[in-house]
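Novice: First the structure, which I've put down as structure tokens, then a few questions once you've had a look.
The values are calculated or read from the model by the stated rules, or taken from the named source; none is laboratory data. None of these values were measured; they are calculated from a predicted model. Note that each Cβ is placed from the backbone with ideal geometry, even for glycine, and that neighbours are counted across all protein chains shown.
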Amino acid sequence: METQPAVGLTVTEAAAAKLAEALAQLEKPGAAVRVYAQGHGHHAQYGMSVDEHALDGDVVLQAGAVTIRVDPASWVRLEGATIDWTADERGEGFVIHPARAHEGCGCGGGCGCGH
């Protein structure tokens, strides 16, 4: 499986550093970050987990020292997304900003998503 630079998925420097820090604390050599998407449109949910096994068809990207794996179904929704680390008065954590969050939601405009 070929690893590519994180083209098509932007990982900010802050997020890459925090991901690398979290993986290092686990002391699991070869562990990667799996990024996934479930659902569609403004109902989609995005997340990340520690992943120790690549799956057939995974898109494998490199963001600094961190390997990122995305399954093909999630890649369709995550291509063009940005993963960031934020810290403010509400707390701190990772945020995934999808590029296509409102594509095809069909809500009729009532939710403020721009349709």
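Novice: List the residue pairs whose Cβ atoms are under 8 Å apart, where the first residue sits in segment 1-29 and is among the acidic types (Asp, Glu), the second is at pLDDT 90 or above and assigned to a strand (DSSP E or B), and the two are 6 or more positions apart or on different chains.
Specialist: Close Cβ pairs (under 8 Å, with a partner that is at pLDDT 90 or above and assigned to a strand (DSSP E or B)) amount to 2/60.
Novice: State all residues of segment 1-54 that are modelled with pLDDT under 90, within 15 Å of the chain's Cα centre (by Cα), among the hydrophobic types (A, V, I, L, M, F, W, C) and exposed (fewer than 15 other Cβ atoms within 10 Å of the Cβ); if no residue qualifies, say none.
Specialist: Within segment 1-54, 7 is the sole residue that qualifies.
Novice: Still on this structure, please answer the following. How many of the residues in segment 63-84 are farther than 22 Å from residue 43 by Cα and part of a strand (DSSP E or B)? Break it down stepwise before answering.
Specialist: Residues of segment 63-84 that are farther than 22 Å from residue 43 by Cα, as a first pass: 63-69.
Retained after the next criterion (residues that are part of a strand (DSSP E or B)): 63, 66-69.
So the count comes out to 5.
Novice: Right, next: Are any residues in segment 36-53 touching a strand residue (DSSP E or B) at 6+ places or on another chain (Cβ under 6 Å) and either closer than 12 Å to residue 19 by Cα or not in a strand (DSSP E or B) (or both), and if so, which ones?
Specialist: Residues satisfying the conditions are 39, 44, 48, 49.
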